[in-house]
Every structure is written in C-alpha cells, then in structure tokens.
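All of the numbers you see were taken from the coordinates with simple rules; none came from a lab. Please read these numbers as outputs of a predicted model, since none were measured by experiment. Cβ atoms come from the backbone with ideal geometry, glycine included; neighbour counts cover every protein chain shown.
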Amino acid sequence: MRKLFIPVLVLIPLIAESQQPVGTWSDHLKYSTATAVVAGQKEIFASTGSSVMIYNKEFAELRKLSRVNGLTETGISSIAWSEDHSMLIIAYKNTNIDLVVKNNIFNLPDIYKKTMPERKYINRIRIKGRQAFLATSFGIVIVDLLKKEIFDAWRPGPGAEVNGVNDVAFGEGNIYAATDNGLWFASLTDQGLAYYANWSLADRLPSPYARYTMALYCGDRLYVNESDNINKTDRLYSLGEEVSLLSYEPGVQYRSIDPLPQGFTVTSRSFVNIHDSDGALRKTIRSYGWGDPDFAQAAGENGIIWFADIGLGLVRGDDAGNFTSLRLPGPVTNDIGNISSSNGKTILCAGGVDNNWNGFGRPFSYSVIENNSCSGSIADNFKDAMRSAVDPGDNSHFFLSSWGYGLFEYRNNETVNHYDALNSPLQPEGPGNSGIKVCGMAFDKSGNLWITQSGNPGKVMILKKGGSWLVCPYIPETPVLSDIFASADGTKWILMPSVPGLFAIDDNNTPENFTDDRYRMSDIRESDGRVINYVFSMNVDLKGNLWIGTDKGPLVSYAPEKIFDDALTFSGLKAARNDGSGLADYMLGSESISSIITDGANRKWIGTVSSGAYLLSPNGTILIKNYNKQNSPMYSDSLITIAADNKTGEVWFGTSEGVLSVRETATAGSTGFENVYAFPNPVREDFEGNITITGLVSNTRIKITDVSGNLVYETISEGGQASWDLTTYQGRKVTTGVYLVFCSDDNGKRSAVTKILVVRR
C-alpha cells in the first residue's frame with residue numbers, strides 16, 4: 001500500500017475532541033487535493049472540489065471553508081478573487097454561487113433556481129472592475145460585486161441556438177468569449193450584447209468554428225486555446241497583428257491559462273509553462289522533486305507560484321526551485337462506503353457495492369480519525385475496503401474486509417497480515433473466480449472475530465483471538481452474506497440481502513464446539529405475514545430488540561430469539577398524527593433506509609436514501625430531529641452510512657458527497673459518578689451553545705441550582721450525558737455566577753456534585 005502522507009506544513013488550532021460543545025459540526029473532507037487556486041495580496045485560495053483552503057501569508061496559517069462553516073454547497077466548479085472588493089467568488093457545479101466577504105457569505109441562487117432546457121454549468125469566472133463575468137454552458141452571466149446581484153446575461157455565438165462559453169478575456173476595450181463554436185468578440189461599450197448578432201467571429205484563427213476552451217489577454221496579445229477532444233490535443237494560439245501557434249504537443253491538453261504579475265502560466269496535467277508578457281517561454285515545471293504532480297492550475301505573485309495539484313493539494317514553489325505542500329488533515333478520499341466509531345477512534349472505508357452486489361472497483365483505502373488527527377492509506381492494487389472492526393481489547397488493533405481481496409489486519413495503522421486463500425480458510429467466490437469477497441465482521445465477548453464471506457455458497461468463519469481459524473459447518477443457502485452483528489446475549493445476526501433474510505447463530509459461548517450451537521436461516525416477515533423483499537441494514541439495540549432498515553421504513557422485532565423457533569416477525573412503527581383524527585402512520589414508511597444505528601441513550605439514528613438522517617426515540621415512535629441539506633451542514637440528503645461513538649457522543653454521517661459529524665447529546669452510561677464533569681467550563685462571555693454534563697450513569701436525574709440553593713433547571717440524562725442551554729426553567733438566560741449541578745441515579749442511591757462558572761457581559 002502506498003501511504004499518502006506528506007508532512008503538513010501548517011495546522012489550524014483545533015478544539016480538544018472531548019471539549020467540543022454539543023451541537024458542534026465538523027467536516028471530514030479530503031484536503032490532499034486541489035482543483036483550482038487564486039492568489040490575493042494577503043491570502044491564497046485553493047478549491048478542493050468540496051471546500052476551500054485559505055492560506056494566510058502573513059501568519060503562515062491554513063484554514064478551511066466548507067458547508068460546516070457557511071458554504072452553500074460542496075461541488076465547486078470554479079473560484080475567483082476580487083482584490084478590489086476583498087471578495088472570493090465561488091461557483092458550484094449546480095450553478096449556485098457564493099460571494100465570500102471576510103466572515104460573511106452571500107448566496108446568489110438565481111441561476112440555480114432558473115429552469116432551462118439546456119444543461120447548466122459555470123466553467124470559469126473572470127473579474128473586471130466591479131463585475132464578475134461567468135462563462136457558462138448557456139452564455140455569459142455578469143454579477144455586480146458591489147450590489148451582490150446578477151447584472152446581465154449575454155449570448156455570444158453563431159446564431160439563435162445556445163452556445164456554450166468556456167472562458168472570457170478582456171483587451172483593447174473588447175470582451176472575448178471562447179466558446180464551443182469559435183472565438184467571439186464585442187466592444188464593451190456596445191449595447192445589447194445579450195443579442196447574439198452583436199458579436200463577431202474571430203475568423204483569423206485557422207479553425208474559426210472550433211471549440212475554444214480558454215482565453216487570456218496579456219501584454220498586447222490575446223492567447224486562446226483550441227481543444228481537440230477527439231485526438232486529445234490542444235493548440236494554444238497567440239493573436240496580435242499576426243496569428244501564431246504558441247504551444248502544441250501531440251497528446252497534450254491544457255487545463256488552465258492564468259495571469260502573473262508579469263506574464264502568464266499555461267497548465268497541463270504533466271507540466272506548467274511560465275511565459276513572459278510577450279509570450280516567450282521562461283520556464284517549464286514538471287516536478288516538485290517529490291510526489292507525482294497532477295497539475296490543475298497555477299497562480300502566482302512575484303517570485304512565488306502556487307499550484308493546485310489534484311493528487312498533492314496546494315503546493316508553494318519559489319524561484320529557487322523549492323516546493324512545499326500545504327494541506328489540512330483529512331481522509332484520503334471523499335468516497336465512503338462504511339464508518340465505524342468507538343472509544344474515540346473512527347475508521348472510514350471507501351469501498352462499496354452496487355444493488356447487484358458488484359464491487360465499485362475503488363482503490364482499497366481507509367482513513368483513521370483519532371485524537372484530532374487523521375491518517376490512512378490507499379492501495380491501487382487492491383479494491384473496495386468494505387468494513388472495519390476494532391479489537392475491543394486493543395484500540396490500536398483492527399481489521400478491514402475487502403470485496404475481492406480477502407481480509408487485512410492492522411496494528412498502529414500498519415498492515416501486519418493479509419489473509420487470503422494461501423494463509424487462511426478464505427476461498428475464492430467460485431470456480432474460475434479468484435475474488436475473495438469478505439464483508440461483515442464482528443468481535444464476540446471473548447475477542448474472537450466473526451467473518452462473513454460471500455461465495456457459492458457464503459460461509460461464516462471465526463478468526464480466534466490467538467490467530468487460529470475456525471470454519472462454521474453450517475452454511476447459509478445464499479451466495480451473498482452482508483453485515484454481521486454480535487448482540488449482548490451472544491447471538492450473531494447475519495444479513496442476507498439477496499434472499500432477503502437473516503441467519504442467526506447461537507454458539508453457546510463455545511465457538512470451538514459446534515455441537516451445542518443453534519442456527520437458523522429465516523426470511524423477513526411483518527406481523528401480518530407479508531414478506532419483506534428489500535432489507536439494507538440492521539442493528540440490535542441496548543434492550544436486545546432487532547431493527548432492520550427496509551425500502552418501507554424501519555421495522556423492529558421485540559423477540560428476535562424466536563428465530564430459533566420459526567416465529568421471527570417484524571413490526572412497523574406507528575406514530576400518531578396528533579391532528580385530532582386519532583389516526584397514526586408508519587414512521588418513515590415511505591423512506592428507503594440505508595443505515596440504522598443505536599446511540600448511548602438507545603435512540604435510533606436512521607439514514608435514508610434521499611431525505612437525510614433522522615433521530616427517533618428509543619422505541620422509534622417519536623421523531624426527535626431530522627438533519628438534511630436545508631436545515632443543517634449536511635452535504636447531501638443521500639445517506640450511505642451512519643456511525644455513533646457512544647463514548648464521545650459524536651455521530652458520523654457518510655453521505656454521497658463525503659463525511660461530516662456532529663457532537664450529539666447522548667453517550668453510553670457510566671457505571672458510577674467518578675468522572676462527572678461539565679464542559680465548556682468556565683463559560684465565557686461569547687459562548688452561545690449548550691453546556692454538557694458527562695460521565696453520568698444512564699437516566700441520571702440532574703438538578704442545577706445557584707449558590708443560594710434556588711432551582712434553576714432540571715433534566716434527565718440521555719445515556720451518560722445531559723445538556724443545559726444556560727436558561728432557567730422559565731426560559732430566561734442565567735446571569736454571571738457559580739451554579740451547582742446535583743446528580744443522582746434513578747433510585748437515589750448514588751450521587752455526585754459538580755460546579756459550573758458562568759461569565760456574562
């Protein structure tokens with residue numbers, strides 16, 4: 001496996017994981033890639049495609065801007081910087097636009113909301129004076145940066161049909177539009193440029209109606225790029241009194257042309273050419289001396305060139321030939337298939353399968369987030385890391401399953417074993433197929449790892465704590481075995497998505513002895529006998545109830561042990577309408593459930609295919625909250641996976657656009673009150689969030705008083721944690737002072753007291 005970690009030059013200060021206030025969101029996006037870069041006098045801006053990295057040159061500080069701290073979208077198509085207005089313009093792939101001015105973000109959704117028969121896309125942004133010119137798939141859109149509004153829209157081209165504009169340039173009082181059907185120009189003083197007939201074709205070019213993708217005016221000449229997608233070859237022309245071919249290499253396509261203080265850069269995938277103002281080639285950069293460059297764009301200032309590199313992130317280069325990578329910590333990819341999180345350790349797996357259980361073929365990659373750091377690796381020679389399992393007795397020891405390449409074992413993030421047909425009972429899927437498809441993994445109480453391998457048929461195996469293997473003699477009659485879950489009572493639950501059904505194993509806590517085992521395969525039925533045909537996820541809650549996620553919402557079995565008696569059934573969850581009708585509806589009955597988990601308070605987190613994430617009460621009948629793209633920083637409403645760390649209260653969301661998390665209210669209950677504390681403490685003047693009291697036993701009764709003994713607030717903990725919004729039970733904000741927190745268990749036999757200092761203006 002190749003490790004993808006270049007030493008980070010700059011890190012932003014991070015809040016200690018255990019001290020993050022409840023309600024705090026965090027993005028977990030890939031910051032080792034950059035697709036665009038623009039340079040200001042004080043700051044450098046680099047787009048990662050999902051977010052923006054901002055490098056402050058004076059303080060040598062790198063920070064980030066994403067949906068978590070205010071951006072409207074994730075998919076960024078283009079960025080530009082206006083020095084005169086201290087404004088960053090961000091265009092998204094869906095044509096939404098953000099204007100970023102210091103700490104304020106202004107959204108311009110006009111193009112995004114406008115219905116058009118044509119495909120909408122913003123290819124490039126160029127700044128001139130108080131206006132930003134957007135080269136789009138349907139023409140040129142002008143944004144007034146002072147008024148922060150759309151000013152006008154122009155349509156250059158050969159006729160009334162829509163002509164895609166890829167770039168614009170300005171020179172000698174003219175505007176030039178590089179389009180899919182030629183290079184067109186018009187005087188900026190002309191009126192009525194929204195009308196195509198007021199534009200003229202630059203017919204001096206060798207192929208006047210070719211596709212032109214980039215344009216830049218520098219010195220007294222116009223540089224324009226002709227793109228030949230068929231032969232994958234571009235031609236860069238220089239237009240002055242004469243037309244000349246400036247740059248041409250067979251098989252080379254140019255990605256960007258950008259101005260320098262005295263010249264310009266021409267960027268291709270494998271090199272960056274630096275030209276003087278007269279077009280003369282001054283330097284070619286092909287390597288940093290480390291890594292494998294994949295140049296996307298280059299912007300510069302005197303003596304410094306900033307590179308947006310698709311594989312290596314933001315890179316700084318100087319005239320002396322020194323190159324430095326600047327990046328923020330983050331996963332090795334935004335692709336996500338599964339998340340596991342426990343005891344402060346979160347593992348992201350990028351692999352996955354389609355609806356027919358064919359692998360995506362993604363490079364085998366994982367990321368580990370722990371103690372405010374992120375590490376991981378990616379291997380092109382293996383594919384589709386599916387699931388992770390952390391050893392409950394050793395947090396540094398974990399396993400990754402692969403859809404086609406067996407099982408991988410790690411210690412301290414280093415590979416220590418790769419299990420395949422040569423050193424384990426794992427076998428290829430079938431005759432003529434070399435793929436070893438491993439999906440589900442779960443540790444039992446004794447530290448043995450249970451494994452599901454798909455094949456013809458699927459098999460269940462056990463990797464014992466000491467390193468020996470066992471193969472279960474009972475074989476589910478299905479080729480595809482998905483997730484496995486080990487419940488507190490020792491039952492192993494295996495999801496069989498192709499049946500669909502469940503396979504249950506009770507090994508009587510003697511995995512070496514198969515003679516005393518109970519096992520059975522069952523289809524999945526509702527209480528009325530109806531067979532459930534689509535099951536995507538499962539979970540066993542803290543009370544032993546078995547939950548499944550289907551295409552018709554979540555279902556629950558309150559007596560899952562009956563599977564061994566051929567009586568396993570599931571029920572939908574009815575929620576009262578509360579409209580006076582006395583009627584009830586099935587909870588999330590119209591949703592496809594991609595993920596279902598249980599948090600420390602036994603509440604249910606539900607991930608859906610198209611409606612975001614839902615939090616339900618422990619019995620699933622009360623909707624507590626819904627996180628979606630409209631009401632939260634959620635990147636997308638399409639949830640792939642959810643995980644909860646019941647030690648920290650962090651809930652992780654894997655979406656179609658990447659991973660993010662939120663510090664929630666619930667943790668697992670403690671066995672006593674030895675570690676009770678509140679955070680943040682003291683509460684500073686500018687703090688606006690909730691106080692968290694943690695280290696509690698489940699269902700702790702909380703009473704908060706002032707130092708005079710007056711009751712201020714009371715609540716009951718959610719698992720091992722409680723939250724206080726710094727208001728009295730009457731809804732008034734508390735004043736400066738010391739507040740006492742009295743904690744007692746639900747039978748009043750154990751108690752604890754802690755203090756909170758609140759400072760108000």
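Details
- The charge dipole of the chain, taken about its Cα centre with unit charges on the Cβ of Lys, Arg, Asp and Glu (plus for the first two, minus for the last two), comes to roughly 1000 debye.
- Peptides 93-99, 739-745, 604-610, ordered by how many other C-beta atoms sit within 10 Å of their residues on average, highest first, read 604-610, 93-99, 739-745.
- Pairs from LYS232/LYS383; LYS30/LYS492; LYS464/LYS492; LYS232/LYS437; LYS64/LYS755; LYS102/LYS629 whose Cα-Cα separation, in the structure shown, is over 27 Å: LYS232/LYS383; LYS30/LYS492; LYS232/LYS437; LYS64/LYS755
- Rounded FRET efficiency, nearest 0.05, which uses the C-beta distance separating SER373 from TRP469 and R0 of 35 Å: 0.55
- As a rough guide to protection, the peptides 373-384, 399-410 ranked by mean Cβ packing within 10 Å, highest first, stand as 399-410, 373-384.
- Cβ-derived FRET efficiency at R0 56 Å, THR705 paired with SER86, nearest 0.05: 0.70
- Here the relative contact order of segment 677-758, from alpha carbon pairs under 8 Å that lie six or more residues apart, stands at 32 percent.
- For a modelled paramagnetic label at GLN630, 7 Å from Cα along Cα-to-Cβ, the residues of segment 85-124 in reach, with backbone nitrogen under 16 Å, are 113.
- Segment SER656-SER610, length gained on full extension (0.36 nm per residue, minus Cα span): 15.5 nm
- Taking 7 Å steps out from each Cα toward its Cβ at TRP357 and ASP528 produces label points 2.9 nm apart.
- Pairs from the list LYS120/LYS625; LYS574/LYS647; LYS445/LYS574; LYS543/LYS574 with a Cα-Cα gap above 26 Å: LYS120/LYS625; LYS574/LYS647; LYS445/LYS574.
- Take the Cα of ASN231, step 7 Å toward its Cβ, do the same at SER207, and the gap between the two points is 0.7 nm.
- The modelled label-to-label distance between GLU118 and ASN104, using points 7 Å beyond Cα along the C-beta direction, is 3.3 nm.
- Taking other Cβ atoms within 10 Å as a rough exposure proxy, SER424, SER590, SER537 sort from fewest to most as SER590, SER424, SER537.
- Note on segment 155-285: dipole from Cβ charges, positive end direction compared against GLY219, ASN163, TYR195; the farthest Cα belongs to ASN163.
- A DSSP coil position with no more than 16 other Cβ atoms inside 10 Å describes the following trypsin sites (Lys or Arg not before Pro) in segment 175-233: ARG204, LYS232.
- Along each principal axis, Cα extent of segment 677-758, largest first, Å: 35, 23, 20
- Label corresponding to Cα extents along the principal axes in Å when calculated from the structure given, among (i) 91, 77, 60; (ii) 80, 66, 59; (iii) 100, 77, 52: (i)
- In segment 419-525, GluC sites (Glu not before Pro) in a DSSP loop with at most 10 other beta-carbon atoms within 10 Å: GLU512
- Residues of segment 141-166 with amide N under 19 Å of the 7 Å Cα→Cβ point at LEU188: 141-156, 166
- Additional length obtainable on full extension of the chain from ASN619 to GLN427, 0.36 nm per residue less Cα span: 65.0 nm
- Spatially proximal aspartates and glutamates relative to LYS703 (Cα-Cα < 20 Å; intrachain offsets below 8 disregarded): GLU674, GLU714, GLU718, ASP725, ASP745, ASP746
- The equivalent ellipsoid of segment 155-285 has semi-axes of 25, 17, 11 Å, largest first, where each one is the square root of 5 times an eigenvalue of the Cα gyration tensor.
- Residue exposure sequence - LEU236, LEU422, LEU146 - by fewest surrounding Cβ within 10 Å: LEU422, LEU146, LEU236
- Residues in segment 249-289 reached by a label modelled at ASP319 [backbone nitrogen below 17 Å; 7 Å Cα→Cβ]: 260-265, 274-278, 281-285
- For segment 92-200, applying the loop criterion from DSSP together with a ceiling of 12 other beta carbons within 10 Å to the GluC sites (Glu not before Pro) yields GLU118, GLU161, GLU172.
- Counted residue by residue at 0.36 nm each, then reduced by the alpha carbon distance between them, the extension gain from THR728 to THR510 reaches 73.1 nm.
- Computed helical MRE - 222 nm, the chain, DSSP H runs ≥ 4 contributing -39500 (n - 2.57), nearest 500: 0 deg cm²/dmol
- Cβ-to-Cβ counts within 10 Å put HIS418, HIS28 in ascending order as HIS418, HIS28, the fewest first.
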